[in-house]
Each structure stands twice: as structure tokens, then as C-alpha cells.
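Everything on this sheet refers to the single structure shown next.
Just so it is clear, none of the values below were taken in a lab; they were calculated from the coordinates. Fair warning: this is a prediction, and the values are worked out from it, not measured in the lab. Ideal geometry is used to build each Cβ from the backbone, glycine not excepted, and the neighbour counts take in all protein chains shown.
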Amino acid sequence: MADLATTAPLIRATGLRKSFGPTEALRGIDLDIDRGEVVAVMGPSGSGKSTLIHCLAGVLTPDAGDVTINGTELGRLDADARARLRLKEIGFVFQFGQLLPDLTAVDNVALPLLMGGASRRAARAESYAWLERLGLGDQGDKFPGQMSGGQAQRVAIARALATRPTVLFADEPTGSLDSVAAESVLETMLDVVREARTTVLLITHDPRTAAYADREVIVRDGRLSGSALVGRS
Amino acid sequence: MDTSPALLGLIAEGPTYGYDLKQRYDRVFAGRRIAFGQIYAALARMIRDGLIVALGEEAGAGPARKRYEVTAEGRRHLEDWLRTPDVPSPALASNLFAKTVLALMLDDNADQLLDVQRAAHLARMRELTTLKHSAPLLERLAIDHALFQIEADLRWIDATSARLTDMKKELSADG
């Protein structure tokens, strides 16, 4: 099994298809993502990008095909087991609005650790360490409303990483920030995930954001195009 | 823009005379007029390199006219040019424009050519972004400039991708 764990892709999607009524959102997608890879998922709106992400994260069930994460076939799990797998293996960061406004930064980060059964003291200590890693060592006692957009996104990233997920889904994580703040958040995030060897799916329409990834996949009309063609001539 | 492969592409549409070639060039690559001297110099080079041949001279009322036809070697050369992504640079836009237009006219896969170029652009952006990470501020600004220019090209690629079908219709109506 040790061999399998090191050589098999961390995420494998095969033959994914998904329709909503008459609309085919995914028309057969095959995708392998290795452990520790940072992959940008690009594509215009309506391309099937969000549907793909939701299928990979086990939020949506594909009509055909399957997704394997870290050796577990999502299609074999019932809804509860899928939810448990999401809690254990997957972290999410969205564009904005994900922090609880009535909790301080450190308590926001500690929340998933407490839900996972950690003691309050251990959870807070761990959370301060994550905030420190994201350059917010002295901001832990502030409330989200007292922070800049860039700082709030760092807190959200710290919270997503605090449970040490195998995969981080970051959906336009800097979409609401100006370009200088975005750059600084992305650089910090990428330093931290690379050090932790967290696999990242960076969902973005912005090529400057995608350039932080190791490679990109482009969804168009429910299929993958783009990087698969490099090297072909 | 690379004039020779663009002319070669127009000849690949079908055998043509030097005069017609100029008319077609000026119309297709609007705003990039070419002198007869340049055309005949390019034709001579392409004959020398075996990319085209001059068909029999036709004596008419005026001076003898030659028709030019693409060779198999010329077609291969053209396909290589169409399918090789350019290095992102300020001069790129017009070249990529020419490739896209010719790919559409010759029923080649314009979509794929844009995909390949998009991938080359994104790869270059990745390289620059990695360099930027450890660079001092002044250098970061210079890299930013390059990144923004590549991004502008990418926007053009995306906009063009979305309009290929319409462009094809317009070009066939024009031909």
C-alpha cells in the first residue's frame, strides 16, 4: 500500500459526466492530480468549471464516471461518509464572506479544530501558529471587521489549513483583493501549502493568479483543453 | 508580422498571381500594406527554398504573368509555422493574428492553435511569477510589466477564441 500511496495520483477523475436537465455541464472529463501539486482550474463562466470542482470535492455526484481521493472512491460512499471525508481531507477557501464576524481571527481559525475534538487551549495555540505562518502573528485578537480584505483572506486560509487537509480547494481566493494585496496573499499561501505538501486546486479566471500554480487545466464546454495540448505538434 | 509565411498561407489557398496576392494580402491583413517589391522578393526566396513553384508563364495583352503554387514542402513549412506557438513578445499580436486568419481560411484548426499559444503564454507567466517571488522590488516591477503584457495577449486570445465561428463566416464571404 505504501507504494500505491506514493505513486498513484492523489485525485483521479475518470469519465466524469454531469447534466442539469438538458444541459450537459460535463461531457467526459479525465483528470489526475498528484500529491502536492498546485493546479489552476481555469475556464470561462458556464464552461463547467464549478460543476467539475463540486464533483471533485464530493459536493455533487456525477451522472457517470468516478472520483477517487486519496484512494477512496467517492461513488462508493453514502452522503454521510462523503461529508466525513470532506471534513477530514478537504479544505475550502472562497472569494470572501467566510469568516464569522463575531469571532476573533484566532477563534475563527480554531473553530474547525474544536469541532474536530481538540481542547480549547490546544486549538488556540495551533491557530496562533497558523496565523503566524500566514504573517498575522499579531492580529489574532482582531475581529474580521477590523481587518483589511487581504488579512481576512489570510485568516480564511489559515482556517482551511488548520485541519491539515490533503486537498485545498481555493475558489478565486484573491478575487476581491487589489492586485498588490492579492499577490502578497497568494505568495504566502503558496509558500505555506508547498511546505506542507498540500495539494491545491486553485480555481480562477485570472491568468496572473493561475501563474502561481504548477500547471493549469482549462475547462471549456464541459471538456478539458489547453495544457493537454502542450508538446503536441 | 512574418511576411513570408503569411504570403505562403495565401498561396496555399490556391494558385495565384503576384498582383492578386498583393490585393488579397492588403484585404486580409487589413492595415498592414505590403509593397510589390517585398512580395516579389519573398516569392523569389520561397521558390529558392522549394516552398512554392512558378507555373508556366502566361503571355497576355500585358507583360508575361506567373502563377505561384505551393509545394508539399511549402505546405509542411506552413503547418509547422501555424502550429508552433510564438514566444510572448510585443511583436506577437500581429503574427498570431495572421496565423489565426490563415488557419481559418485553410480550414486548419484555429481553436487548437489558440489553445497551444494560450498554454505557451501561461507557461511563460509561470516562469516569470516564479522569478518574481525572490526578486528585489525594482525587478519585480519590471517582471510585472512583462506579465501585464502577456495578460493582454491572453485576453485577445480568449476574445478571438469566442469569435472564431463568426470570423470564419466573414472570411469565406470575403474570399
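Below is a table of values for the structure above.
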item	result
Estimated translational D of the range A:75-233 in µm²/s (Stokes, Kirkwood radius over Cα pairs; 4 °C; 1.567 mPa s)	78 µm²/s
Rg followed by Dmax, in Å, when the protein assembly as shown is reduced to its Cα trace	26.9, 100
Ascending count of other beta-carbon atoms within 10 Å, so fewest first, for A:Arg154, A:Arg121, B:Arg75	A:Arg121, B:Arg75, A:Arg154
Whole-angstrom gap from the range A:93-128 to the range A:36-74, using each part's C-alpha centre	26 Å
Degrees, to the nearest 10: A:79-89 long Cα axis against longest axis of chain A	60 degrees
Cα convex hull of chain B, projected area averaged across orientations, nm²	11.8 nm²
With Cα atoms, 0 to 90° folded angle of helix A:105-115 axis to chain A main axis	60 degrees
Computed E for B:Trp156/A:Phe96 - FRET, C-beta separation, R0 41 angstrom, nearest 0.05	0.90
For B:Ser4, A:Ser127, order by how many other beta-carbon atoms lie within 10 Å, fewest first	B:Ser4, A:Ser127
Nitroxide proxy distance, nm - points 7 Å out along Cα→Cβ at A:Arg164 and A:Ala83	2.5 nm
Computed E for B:Met167/A:Arg120 - FRET, C-beta separation, R0 60 angstrom, nearest 0.05	0.45
Förster-model FRET efficiency, 56 Å R0, B:Asp80 and B:Leu138, C-beta, rounded to 0.05	0.90
Per-residue [θ]222 nm for chain A (sum of -39500 (n - 2.57) over DSSP H runs n ≥ 4, rounded to 500)	-11000 deg cm²/dmol
Neighbour net charge for A:Pro101 - beta-carbon separation under 13 angstrom, K R +1, D E -1	-1
27 Å Cα-Cα threshold exceeded, pairs from A:Lys49/B:Lys169; A:Lys88/B:Lys132; A:Lys49/A:Lys142; A:Lys49/A:Lys88; A:Lys49/B:Lys99; B:Lys99/B:Lys169	A:Lys49/B:Lys169; A:Lys88/B:Lys132; A:Lys49/A:Lys142; A:Lys49/B:Lys99
Gain upon complete extension [A:Ser19, A:Lys142; 0.36 nm per residue less C-alpha separation]	39.9 nm
Cα-centred dipole magnitude for the range A:118-233, charges only on beta-carbon of K, R (+1) and D, E (-1), debye, nearest 20	440 debye
The range B:8-29 residues near the modelled B:Tyr40 label - backbone nitrogen below 20 Å, point 7 Å along Cα→Cβ	B:8, B:11, B:16-26
